[in-house]
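Peer 1: The structure is given below, and queries will be raised subsequently.
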Amino acid sequence: MTNAQPVVMMKLSGEVLAGQAGFGLDGATLDFVAGELARAQAEGAKTAVVLGGGNIFRGLGARAAQMDRVTADEMGMLATVINGLALKDAILRAGGRAVLFTARPMSPIGTPYVRDDVREAMRAGQLTILAGGTGNPFFSTDTGAALRAAELGCDIYMKGTKVDGVYDRDPMRFPDAVRFDEITYDEMLERRLGVMDLTAATMLRENRVVAVVYRMTEDNAIYDAAMGRCQGTRVIPSP
């Protein structure tokens, strides 16, 4: 997909839709996120969105409670579909155009994920929401988003977080933590900075997709991320 407007993969945590409550779906927050995405779409953004499901179901917590890993992961994938449906509905109400693709067949809830169908939807100006992870257990939503970014030929991977970039250690615990303006995947992995899981980082590095880690709560951050130009730490492949 060659276009002056960058093709963007946005990875948003499920918690972003929960608002201050930290769980479930907050209507005002959902409408705000959808409005920002619809605004970017109206200006020509070529965007795919992958949502986590932690606001509805935390697979890790369930596994710690002795739930079968595969069952827990499948429940987590279904949670991302719920979030995707909610976001699609909010985008349509905001005047935007969106289509929900699911990693496993779930018609008529969503359209089964086929790479060429997603690329065509993006070319047509649809905001594409990719739910259900990879369709397989044992993979995080970070990895699912990285896989889709590579498959779709995305120019940039936008990872929204609670902090404004990548630091040499946890800035929530260490006030003197140093922020990177730019860092390579190799250095990030060597330092074990924990920004994204190993599989996701390796996939992005090998497919030479630049990532930007940014704070989702900054003014206009979601809109800017959808446009491929938000501020944050750039994570780049080594030369």
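Peer 1: Go through the residues of the range 222-235 one by one and say whether even a single one is surrounded by fewer than 19 Cβ atoms within 10 Å (Cβ to Cβ), farther than 24 Å from Ala42 by Cα, free of Cβ contacts under 8 Å to residues at least 60 places away in the same chain and in contact with a strand residue (DSSP E or B) (Cβ under 8 Å, 6 or more places away or on another chain).
Peer 2: There is at least one residue in the range 222-235 that is surrounded by fewer than 19 Cβ atoms within 10 Å (Cβ to Cβ), farther than 24 Å from Ala42 by Cα, free of Cβ contacts under 8 Å to residues at least 60 places away in the same chain and in contact with a strand residue (DSSP E or B) (Cβ under 8 Å, 6 or more places away or on another chain).
Peer 1: Here are some residues: Thr202, Thr217. Which one is free of Cβ contacts under 8 Å to residues at least 60 places away in the same chain, among the β-branched types (Val, Ile, Thr), under 27 Å from Phe32 (Cα atoms) and surrounded by fewer than 20 Cβ atoms within 10 Å (Cβ to Cβ)? Steps first, please.
Peer 2: On the way: Thr202 fails: under 27 Å from Phe32 (Cα atoms).
On inspection, the qualifying residue turns out to be Thr217.
Peer 1: Test Arg208 against the stated conditions and say whether it is closer than 29 Å to Arg39 by Cα and exposed (fewer than 15 other Cβ atoms within 10 Å of the Cβ).
Peer 2: Spelling it out, Arg208 is indeed closer than 29 Å to Arg39 by Cα and exposed (fewer than 15 other Cβ atoms within 10 Å of the Cβ).
Peer 1: Scan the range 165-181 residue by residue and report those that are surrounded by 13 or more Cβ atoms within 10 Å (Cβ to Cβ) and among the acidic types (Asp, Glu).
Peer 2: Listed by number, the list holds a single entry, Asp168.
Peer 1: Go through the range 97-126 and report how many residues are modelled with pLDDT of 95 or more, more than 19 Å from the chain's Cα centre (by Cα) and within 19 Å of Ala38 (Cα to Cα).
Peer 2: 1
Peer 1: Is it fair to say Met188 is buried (at least 23 other Cβ atoms within 10 Å of the Cβ) and either more than 18 Å from Val7 (Cα to Cα) or polar (S, T, N, Q) (or both)?
Peer 2: no
Peer 1: Sort through Ile129, Ile183 and tell me the only one that's closer than 21 Å to Arg205 by Cβ and either at pLDDT below 95 or touching a strand residue (DSSP E or B) at 6+ places or on another chain (Cβ under 7 Å) (or both).
Peer 2: Residue meeting the stated conditions: Ile183.
Peer 1: Could you check the range 90-133 and list, in sequence order, the residues that are farther than 22 Å from Ala150 by Cβ, in contact (Cβ under 8 Å) with a residue 60 or more places away in the chain and surrounded by fewer than 19 Cβ atoms within 10 Å (Cβ to Cβ)?
Peer 2: If the condition is that a residue be farther than 22 Å from Ala150 by Cβ, in contact (Cβ under 8 Å) with a residue 60 or more places away in the chain and surrounded by fewer than 19 Cβ atoms within 10 Å (Cβ to Cβ), then Arg93, Gly125 are the ones that fit.
Peer 1: Here's something else I'd like to know. May I ask you to list pairs of residues, at least six apart or on different chains, whose Cβ atoms are under 6 Å apart, with the first in the range 18-36 being within 17 Å of Phe57 (Cα to Cα) and buried (at least 17 other Cβ atoms within 10 Å of the Cβ) and the second being of a type in the set (Ser, Thr, Tyr) and at pLDDT 90 or above?
Peer 2: Gly19/Thr29
Peer 1: If we scan the range 226-238, do we find a residue that is at pLDDT 90 or above, of a type in the set (Ser, Thr, Tyr), under 17 Å from the mean Cα position of the chain (by Cα) and under 22 Å from Val7 (Cβ atoms)?
Peer 2: yes
The values are calculated or read from the model by the stated rules, or taken from the named source; none is laboratory data. From a predicted model like this one, the values you see are computed outputs, not experimental measurements. Neighbour counts are summed over all protein chains in view; Cβ atoms, including those assigned to glycine, are modelled from backbone coordinates with ideal geometry.
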